[in-house]
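Engineer: Here it is, the structure in full.
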Amino acid sequence: MPLSEFLSAQRIVVLADAGSHDAVLDAAARLLADGAGPGAEAIAGSLRQRERMGSTAIGHGVAIPHGRNAAFDTTRAAFLRLQPAVDFNAADGEAVDLVFAMVVPADFNQQHLQLLSDIAERCADPGFRAALRDAADERALRVVLLGAQAAADHERDAERLVSKP
């Protein structure tokens, strides 16, 4: 499944000085909710609830925090590249710098598991992880994650919003 089906360009960021695991989850929740507010707080709560069950760090500096939320009828994802990496209590002991956060509707059991599997499989590829880490900025990250056309479309849309009177 293409990442662009649930990951939008505006939810791909470089997060400098996140500081802590909780701060990363809060930032991911704001991205997933498209801003701060009650929706972000509810998502952050679901991400924390899942983390209490066990770390979502899958190794090699990657984590996939995920939760369920009844506020959305579709899956949403966000990608955060952390600088510097943050401790997620990974089994391999490696701090996390690549975070794919996801929120799914409460009834999306099979789709949820398939998406987690797809993301984990992509992140198992050392070349993919290297491309994410080597990307110079958010635009380059968008190209790696969504493709050149999606990144260009996002920039064009952003320019239109800025240039409107």
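The values are calculated or read from the model by the stated rules, or taken from the named source; none is laboratory data. None of the values given here were measured: they were computed from a predicted structure. Glycine also receives a Cβ, built like all others from the backbone with ideal geometry; neighbour counts cover every protein chain displayed. Side chains included, ligands, DNA and RNA excluded: accessible areas come from the protein's heavy atoms. Shrake-Rupley method; radii C 1.70, N 1.55, O 1.52, S 1.80 Å.
Engineer: If a paramagnetic tag sat 7 Å from the Cα of Q114 along the Cα-Cβ line, which residues of the range 1-32 would have the backbone N under 17 Å from that point?
Structural biologist: Counting only backbone N, you get 1-7.
Engineer: For the range 85-128, what Kirkwood radius comes out of the mean inverse Cα-Cα distance, in Å?
Structural biologist: 12.2
Engineer: Between A70 and A16, what is the spin-label point distance in nm, taking each point 7 Å from the Cα along the Cα→C-beta axis?
Structural biologist: Simple spin-label model gives 4.1 nm for this pair.
Engineer: Solvent-accessible area per residue for the range 1-140 at a 1.4 Å probe radius, Å²?
Structural biologist: Accessible area per residue: 46 Å².
Engineer: Continuing with this model, one more query. Nearest 5 percent is fine: what portion of the DSSP beta bridges confined to the chain is antiparallel?
Structural biologist: 45
Engineer: If you compute Rg and Dmax of the Cα atoms in Å for the structure shown, which of (i) 16.0, 52; (ii) 14.5, 42; (iii) 15.2, 52 do you land on?
Structural biologist: (iii)
Engineer: Return the calculated 222 nm mean residue ellipticity for the chain, to the nearest 500 deg cm²/dmol, obtained by summing -39500 (n - 2.57) across DSSP H runs with n ≥ 4 and dividing by the residue count.
Structural biologist: Helices in the chain give a 222 nm mean residue ellipticity of -15000 deg cm²/dmol.
Engineer: While we're here: Starting from 0.36 nm per residue, how many nanometres of slack lie between D34 and A148 once their C-alpha separation is accounted for?
Structural biologist: Contour length minus Cα-Cα distance gives 38.7 nm.
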